[in-house]
1. Which whole-Hz couplings ³J(HN,Hα) result when phi for each residue of segment A:255-264 is put into the Karplus expression 6.51 cos²θ - 1.76 cosθ + 1.60, θ = phi - 60°, listed in order with x for Gly and Pro?
2. Counting partner chain Cβ atoms within 10 Å of every residue's Cβ in A:183-193, what's the average?
3. What are the residues whose amide H is under 5 Å from the amide H of A:Ile258, where those residues sit 5 or more places off or on another chain and H is modelled from the backbone?
4. Quick check on the exposure proxy: order B:Lys131, A:Lys202 from fewest to most C-beta atoms within 10 angstrom.
5. Mean separation of Cα pairs under 8 Å and 6+ residues apart, divided by the residue count of segment B:227-324: what relative contact order is that in percent?
6. Going down the list B:Lys120/B:Lys253; B:Lys45/B:Lys99; B:Lys131/B:Lys255; B:Lys99/B:Lys178; B:Lys131/B:Lys263, which pairs span over 22 Å between their C-alpha atoms?
7. A:Ala141: net charge of surrounding residues, Cβ under 12 Å, Lys/Arg +1, Asp/Glu -1, itself excluded?
8. Just the Cα atoms of segment B:276-333, one point each, no solvent: what log10 I(q)/I(0) does Debye give at q = 0.23 Å⁻¹?
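What follows is calculated from the coordinates using simple rules that are stated; it is not laboratory data. Computed from a prediction, not measured in an experiment: that's the story for all the values here. Here the Cβ is made from the backbone with ideal geometry for all residues, glycine too, and neighbour counts use every protein chain on show.
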Amino acid sequence: MQEEIVSKTKFEEEPESSVWGNFYKVVKWTATNLKFLFVPASRLDDLTIREFNYERNRSKRKFIRRFKSVLTIVGILLVFFIATLAVFPHWLAPYTFADANAVLTGSWGPPSDLNLLGKTKFGRDVLTRLIFGARTSLTVALPAIAFSVVFGVMVGVIAAYYGGWVDAVIMRIIDIFLAFPSLILALVFVVVLGNAFGTGPKIDYIMLAWGILGIPYYSRLIRGNVLQAKELPYIQAARVAGAGNGRIMFKHILPNVIQPIIISVTFDIGGVILSLAGLSFLGFSDTRMIDWGNEIAEGRQYLYIAPWASLWPGLLILLAVLGFMLLGDGLRDALDPRLKNL
Amino acid sequence: MSLLKYIFKRLLAAIPVIFGVMTLTFILSRFMPGDPVLAYLPEGKIDWDLYEQLKRNMGLYDPLHIQYFRYLGDIFVGNWGVSQSIARGMPVWTLIMLKLPRTADIALFSIIIAAAVGIKTGIISASHRNKGRDTVLRGITLVGVALPVFFLGMLLQYTLGYLIRIDGVAIFPSTGFKTIIYTDPPAVTGFRIIDALISGQFYMVTDYLYHLVLPVFCLSFISLASIVRQTRSSMLEVLEQDYIRTARAKGCKEKDVINTHAKKNAMIPTVTIIGLGFGSLLTGAVLTETTFGLAGMGQLLIDAISNSDYWVLNGLVFFFALVFISINLITDVLYGILDPRIRY
């Protein structure tokens, strides 16, 4: 087998480095890789030894395994839908952003030809506000989660790696933060931050509050895995080779324990969107911004007269969170190590 | 004996957490908006001498560490401050105890229904894996996990409370605890259903239960969804184990296999989820009470923030944390009872 591989290795002459030569190389690389990914039993003729070993150890096809379940495809489509709404609102919305914030006539009007989903408080179009609301949800969720993942992973890895009193102190502090129900602590944080900076609650403080509140969760999540990975022999080997603590922590342990974090991130984006909706529904988020929760809170008094103003934002919250949760479920099934040999 | 030692160790571990929680609430309360002294003064022109005197009496001029230790002492004694704006002059502890039974009604009903129905449904879903029942249940629970509580509440309010009417009267009342013109029974325990039962006014019992249906359904649906999902996945893991295969090979009936062998082992992660679900139940209670217009602890929290009544806010946040810590303690103890490996 080994001789076959070595003899099949073709040493191509380097083509002249023109633009078309490089372009052809890229196209050929993409085509062969696509063929390998999508056609299940195809083999590549010109695998080098290194690529062969790489393929043997880690199958690229697990990305395609994710598409096996219908629900996961639905989740990916939903996430794309929400992301498209968030990134391209000015092209997709029937009215402009200024119109979505203006004071027009005909408040709480029924759905008509001009306003497909009806009108809300000051005669603004519901559909436009829904589309701009997607942008707000993702804008708050993604930086908050990025903040909590980065700092949570650092704190968790440091706590679990050093052990001893560092671990005990950090774990106590994390327990204190986890002793509160999250929405209540977030509520208090947003109010406190808004007051400390002199203004009312603003979108930056909401992001910061959710970022800080996510740190204990990720620290605890990664701490268990790091505690297990710390005992493995390759860590001792790295130390013998002369690696310092920082290098071992972030170059050796971290890539191997990151997997549950990835799954948790997708679930958590849904969670933050849901919690942001709850916060705005109670009226404690930035009321100037177009947010689904704010829509529901405004339309609540007119629920019987104009249900379209409150029920469509709620449905969209459901779709957004559902999409991320389906995506997380699909990722978790795809990355499950027990299914690696299938 | 080692179960008692385990419980004792858990209690000891909870004490520094409680201290930390008190410290955190103290730090947060010092940054709250609103001036407590200003709310304490009578209306009208502000008498600055009285302001200074009150501030000195309340101890707000002392150095921070002295304030902190006085705060700790007050909490232990039970003097959690006096409410300023919501109910002027009422001690915070009394206010919380007044509103507690109303939230406890909803929360206890929801958790009991969610746990009982959820575990049973999860087991059914796992035993009929990938067949019709399982697919339908998975779809429903998936929607239930992603659903905001207030959206479900408003949907139910609109459809069952307004759209669908029999003879012009809606099926379920959409807001409130009771029909307004009825009077409360005399308060013996504080829990109104028990009070109504004691005083013999059965029409009040049915009235309370009738008004509780929609809020309890909302809250329990959300908790139910996550409990069913967790039970299903842990049940599937247990059913793949070797000892289940042995039990089946020995000729056990399927229902005995599930009830006697599999169920207890599958309960362990579910108990954790139920304990965590209690925390989300508290937050859900805040949202549900706002949606349905019930005057419980959640509504009290919102009012306290809106009116800058920071003694009440302090006491309430601390109370929520205490409840959550005790629920986690009970969950840990249940964990130890269910899985003997943990205690040794």
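1. Per-residue couplings from phi come out as x, 8, 9, 7, 4, x, 5, 4, 5, 5 Hz.
2. Whole-number average of other-chain Cβ neighbours for A:183-193 is 6.
3. Long-range HN contacts for A:Ile258: none found.
4. Fewest-to-most Cβ neighbours within 10 Å comes out as B:Lys131, A:Lys202.
5. Here the relative contact order equals 23 percent.
6. Result: B:Lys45/B:Lys99 exceed 22 Å.
7. -1
8. Evaluating at q = 0.23 Å⁻¹ gives log10 I(q)/I(0) of -0.91.
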